[in-house]
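Below is one structure, written out as structure tokens; comments come after it.
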Amino acid sequence: MLDLDPPLRPLRRRGGFLPLEDLGLIGDGATAALVGLDGGIGWLCVPGFDADPLFCGLLDHTDGGQFDVTPEDVVEARQRYQPDTGVLETELRTATGRVRLTDALALRSGADLTDDAPAGRGELVRLAEVLDGHVRLRVDVEPRGGGYARPAFGGLEIEAARRPGVRLHLRANRPLQGLHNRYELHRGDRVELVLSWGRIHRHHRVDAEASLRQTAAAWRRWMGGFGYDGPQEAMVRRSAITLKLCDDWVNGSVVAAPTSSLPAPVGGVRNWDYRYAWVRDAAFAVFAMRRIGFGNEADAFLGWILDAFEQGRRSRIMYTLAGGPVPDEQVDTQLRGYRDSAPVRWGNGAADQRQHDIYGEVLDCADQWSRAGGEVEPTLWAGLAGLADAAGRTWRQPDQGIWEVRSEGRAFTYSAALCQVALDRAASMADRLGVPDAAPRWRATAGEIRRAILEDAWNEQAQTICEDLDGRGGVDASLLALPLRRVVAADHPRMVATTRAVTERLGAGDGLLYRYRHDESPDGIPGDEGAFLLCSFWLVENLTGQGRLEEAEALYTSLCERASPLGLLSEQVDPAGGELVGNFPQAFSHIGVIASGVTLARAKEGAMA
């Protein structure tokens, strides 16, 4: 669980890999890095989130590459963020001394993080300071595939074997003898390191402390817009920053996670590249960020979704951060995978799937945009109206669904529900824009879909709405999202019964939920998976909507307590031992922290009025 002042603890490795809870995220709105409790950076893609990784030890601790700044013979360590920032501190203790390592991807002096403009400097700043005693500090820079260095501009110019097109430069306040350095340090001594890519600031002296101070100040200015008064306030604050760290600040998009191929579960093959922008994730992020005061971010997400749709003239489920098509999925056989969980994948094979919920995601975002005063030009409206018509034609047709199954498609209830959302929002927009010709037809079809969900998808014997629109098949935790999308009210008797059925049949213990049962709903992928955290946050919202506030808050608290000491959550949890698994940190999980926290806070306030 989030601990703002954690105790020192021994380093733990399994097969040479740190557990995910011992990793901290830093970022600059263009890319992100993961810093280990041991002082190593085993994940950094430059210049952007979806570029090839420069350091990839996260997926292969022997051959993946790493940037280590750590004292030799560490006994124990701890990590914490500087309050309300993306600046990370790692404290490492040896038998002879103690070091504080401060890391950040540097932001420009005076940067305004609410602006749709580059704020990062393209620099990784690392400052190691001996707090007491004496240590031998190890600084090793090992790009994936190896590299070599030569003196240049008061530091080292580094050529990474696998990234010859990336211009890397390492500067320090102490002599650099190549990519591997050792320093004998005593109390008060510092080692300042700046790794830059792109432009080389040859005229800048190394001043890591000033850069870190400017970066922290930019984060705190941004957090001045935070507004939330509810349960688990510290966790909601950290989730807001984590979502911001997953954003592309220039394009307005958000990655599902800044990593690829972290397995769920460990040892399985469900390893996917999440470094792209799903329209679905962005739509949920819009809702969450606006509710805690970050309207600029919400508007940026909305704008990105509509721009990507308008530029491509087709509704893709995911895009690159710049709005282009996602690369084809490829397997990297040279990396062993996190804790030997192969394969490692780049690109995403689900990018071209048919998922009918995309219609509702885009039109719900467009409706929010329009309600907030955003302009909907005739060409954009023509495309949106076409999406509404497509939703009206296809809502009974099979697709791959929200969970992106790689088996034969089915007519999923959730997909039909989002077609209902598409038609409902399109009708509202048509009235608002003064082009109401199709609105009656769209409303009629929306009503037909809602009736089908409550009647055709209802299984009387099982006492639940089923995952398939014909009322057959198993239950699916995505049904818990129907109240969130205003398709069926949380307190509707059949939604109450469905909530009970999902909890009983998909429960993994202690409030955790599986998305679906693989024996009831084959998805074309071998192996099982962990419990999906977002589904449990959806359960919090349903319990809240049914007036069961004590149960909802108890569940919400237990879910927040599953976060790492830094307040980070992965996509899934292994129910057997509570281990965080899957890509990390996961935007969806932190969206759940924010959205369900706000819902719960408002319900409690209403109950007290």
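Measuring with a 1.4 Å probe in the full set of protein chains, what accessible area per residue, in whole Å², belongs to the stretch 62-134?
Values: 2450 Å² over 73 residues.
Ligands and nucleic acids excluded, the figure is 34 Å² per residue.
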TODO: Collect residues whose amide H, placed 1.01 Å from N in the peptide plane, falls under 5 Å from the amide H of E123; neighbours closer than 5 in sequence don't count.
DONE: A106
TODO: Just name one of L555, H518, H590: the one whose Cα is farthest towards the positive end of the charge dipole of the chain (beta-carbon charges, Lys/Arg +1, Asp/Glu -1).
DONE: H590
Open item on the list: Output wanted: per-residue J couplings in Hz (rounded whole) for the stretch 121-129, from phi through Karplus 6.51 cos²θ - 1.76 cosθ + 1.60, θ = phi - 60°, x for Gly and Pro.
Closed with: 9, x, 9, 9, 10, 10, 10, 10, 10
Task: Semi-axis lengths, Å, the stretch 41-130, gyration tensor of Cα atoms, sqrt of 5 times eigenvalues - done: 26, 20, 9
Open item on the list: I'd like the distance between the alpha-carbon centres of the stretch 493-540 and the stretch 187-254, rounded to an integer number of Å.
Closed with: 36 Å
TODO: Would you please give the residues with an amide H less than 5 Å from that of C45, counting only those at least 5 places away or on a separate chain, with H modeled from the backbone geometry?
DONE: A32, L54
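Under the classification rounded if a/c is under 1.5, otherwise prolate if a/b is larger than b/c and oblate if not, where does the stretch 1-57 fall, given a ≥ b ≥ c as square roots of the Cα gyration tensor eigenvalues?
Working: a/c = 3.14, a/b = 1.57, b/c = 2.01.
Note, shape of the stretch 1-57 comes out oblate.
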Open item on the list: Counting heavy atoms of the protein chains only and a 1.4 Å probe, report the per residue accessible area for the stretch 433-560 as a whole number of Å².
Closed with: 40 Å²
TODO: Please name which of L113, P258, N542 has its Cα lying farthest along the dipole of the chain towards the positive end, using unit charges on Cβ (Lys, Arg +1; Asp, Glu -1) and the Cα centre as origin.
DONE: L113
Task: Hz values of 3J(HN,Hα) by residue in the stretch 104-117 - Karplus curve (6.51, -1.76, 1.60), Gly and Pro given as x - done: 7, 8, 5, 10, 4, 4, x, 4, 9, 6, 8, 8, 7, 8
Open item on the list: As a test question: what accessible area, to the nearest 10 Å², does H180 have when a 1.4 Å probe is rolled over all protein chains in place?
Closed with: 100 Å²
Open item on the list: Under 8 Å for C-alpha pairs, at least 6 residues apart: give me the relative contact order for the stretch 484-574, rounded to a whole percent.
Closed with: 29 percent
- [ ] Compute the Rg to Rh ratio over the stretch 113-236 from the alpha carbon atoms, using the Kirkwood formula for Rh, and round to two decimal places.
- [x] 1.06
- [ ] Quick one: dipole size for the chain, taken about the Cα centre, charges +1 on Lys/Arg Cβ and -1 on Asp/Glu Cβ, in debye to the nearest 20.
- [x] 1020 debye
Task: Environment charge at L321 (Cβ cut-off 11 Å; Lys +1, Arg +1, Asp -1, Glu -1) - done: -2
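Taking the Cα centre of the stretch 380-451 as origin, work out the dipole magnitude from +1 charges on Lys and Arg Cβ and -1 charges on Asp and Glu Cβ, in debye rounded to 20.
On the way: 10 positive and 8 negative charges, 33 e Å.
Approximately 160 debye in magnitude.
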Open item on the list: With a 1.4 Å probe and all protein chains left in place, how much accessible area per residue does the stretch 241-328 have, in Å²?
Closed with: 25 Å²
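With all protein chains present and a 1.4 Å probe, how do T498, T599 order by accessible area, largest first?
Values: T498 0, T599 30 Å².
These residues rank, largest area first, as T599, T498.
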Open item on the list: From the phi angles alone, apply the Karplus equation (6.51, -1.76, 1.60; θ = phi - 60°) to the stretch 524-537 and give each ³J(HN,Hα) in whole Hz, x where the residue is Gly or Pro.
Closed with: x, 10, x, x, 9, 8, x, 7, 8, 4, 4, 4, 6, 5
Task: Solvent exposure ordering (accessible area, 1.4 Å, most first) of V130, V266 - done: V266, V130
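Tally up the carbon and sulfur contribution to the accessible surface of the chain as a whole percent, 1.4 Å probe, everything protein left in place. Numbers along the way, then the final one.
Numbers: 10150 of 21760 Å².
Carbon plus sulfur share of accessible area: 47 percent.
Given Cβ point charges of +1 (Lys, Arg) and -1 (Asp, Glu) and nothing else, what value in debye, to the nearest 20, does the dipole of the stretch 333-375 about its Cα centre take?
Numbers: 5 positive and 7 negative charges, 84 e Å.
The dipole of the stretch 333-375 has a size of about 400 debye.
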Task: Listed residues E561, E460, E553 arranged by accessible area, highest first, probe 1.4 Å - done: E460, E561, E553
TODO: Find out how many positive minus negative residues lie around V435, taking Lys and Arg as positive, Asp and Glu as negative, among other residues whose Cβ is under 15 Å from that of V435.
DONE: -2
Task: Sequence-distant residues sharing a close amide H with R187 (under 5 Å, placed H) - done: G133
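The values are calculated or read from the model by the stated rules, or taken from the named source; none is laboratory data. Being a predicted model, the structure only gives us computed values, none of them experimental. In this analysis, Cβ positions are derived from the backbone assuming ideal geometry, glycine residues included, and neighbour counts consider all displayed protein chains. These area figures cover heavy atoms from the full protein model, side chains too; ligands, DNA and RNA do not enter into them. Shrake-Rupley method; radii C 1.70, N 1.55, O 1.52, S 1.80 Å.
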